[in-house]
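The values are calculated or read from the model by the stated rules, or taken from the named source; none is laboratory data. Since this is a predicted model, take the numbers as computed values, not measurements. Note that we place each Cβ from the backbone using ideal geometry, even for glycine, and neighbour counts take in every protein chain shown. For the accessible areas, the whole protein counts, side chains as well, though only heavy atoms, and no ligand, DNA or RNA atoms are used. Shrake-Rupley method; radii C 1.70, N 1.55, O 1.52, S 1.80 Å.
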Amino acid sequence: MSKYNVIIGLEIHVQALTESKVFCTCKNEFGAPSNSNVCAVCLAHPGVLPVVNREAINQIIKAGLMTDSEIALYSKFDRKSYFYPDQPKNYQITQFDLPFAANGKIPIGGKGLSGEMIEARDINMERIHLEEDVGKSVHHGTHSTVDYNRAGVPLLETVSMPEMHSADEAYA
């Protein structure tokens with residue numbers, strides 16, 4: 001018996017399948033040539049005005065309904081300031097205190113990572129919110145470059161409550 005109690009909560013980012021990025025009209029396209037899907041908004045040029053992608057919000061609402069979450073009548077975006085070497089803004093547009101969906105649940109059960117059977121039960125979800133992704137550092141041996149095609153890609157972030165007690169439960 002271990003002297004430690006395992007307590008796991010998960011934060012999972014899922015890329016929204018939208019035609020454009022979350023705050024501009026640049027293509028949300030994987031595999032395009034580096035820096036070909038960028039504009040003044042996703043590169044954070046001074047004076048630009050981000051406009052939210054309605055389809056990304058629709059996908060958040062659908063995810064909220066699928067997880068039996070409370071759908072907010074009012075929501076807002078926030079700036080989370082921290083340094084990523086491949087983040088053109090040095091802040092991320094995300095949601096903090098007023099997410100689109102909260103207090104849902106997601107079922108787990110079946111085989112865990114080790115093959116152990118996990119009893120079916122619900123894991124409570126704290127929130128599902130929308131945020132933008134950062135760019136991508138590309139390393140070439142002697143030098144590195146930055147590809148900003150991912151900067152501004154819409155991410156649905158789901159945050160579970162810390163209610164799992166093994167790697168098998170987290171896997172399930």
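In table form, for the structure just shown:
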quantity	calculated
Extreme residue, nearest to Lys89 (Cα to Cα), among residues of region 27-38 that are open to solvent by 40 Å² or more (accessible area, probe 1.4 Å) and either in contact with a helix residue (DSSP H, G or I) (Cβ under 7 Å, 6 or more places away or on another chain) or part of a loop (DSSP other than H, G, I, E, B) (or both)	Val38
Hits in region 61-97 (condition: in a loop (DSSP other than H, G, I, E, B) and surrounded by fewer than 12 Cβ atoms within 10 Å (Cβ to Cβ))	Leu73, Tyr74, Lys76, Tyr82, Phe83, Pro85, Asn90, Asp97
Subset tally (residues that are hydrophobic (A, V, I, L, M, F, W, C), in a helix (DSSP H, G or I) and either buried (at least 16 other Cβ atoms within 10 Å of the Cβ) or touching a Lys or Arg at 6+ places or on another chain (Cβ under 6 Å) (or both)) for region 132-172	1
Neighbours by Cβ (under 7 Å, 6+ apart or cross-chain): first from region 7-24, more than 30 Å from Met164 (Cα to Cα); second of a type in the set (Asp, Glu) and open to solvent by 60 Å² or more (accessible area, probe 1.4 Å)	Thr18/Glu55
Ile106 vs. criteria of a type in the set (Val, Ile, Thr) and either open to solvent by 30 Å² or more (accessible area, probe 1.4 Å) or closer than 16 Å to Val14 by Cβ (or both)	yes
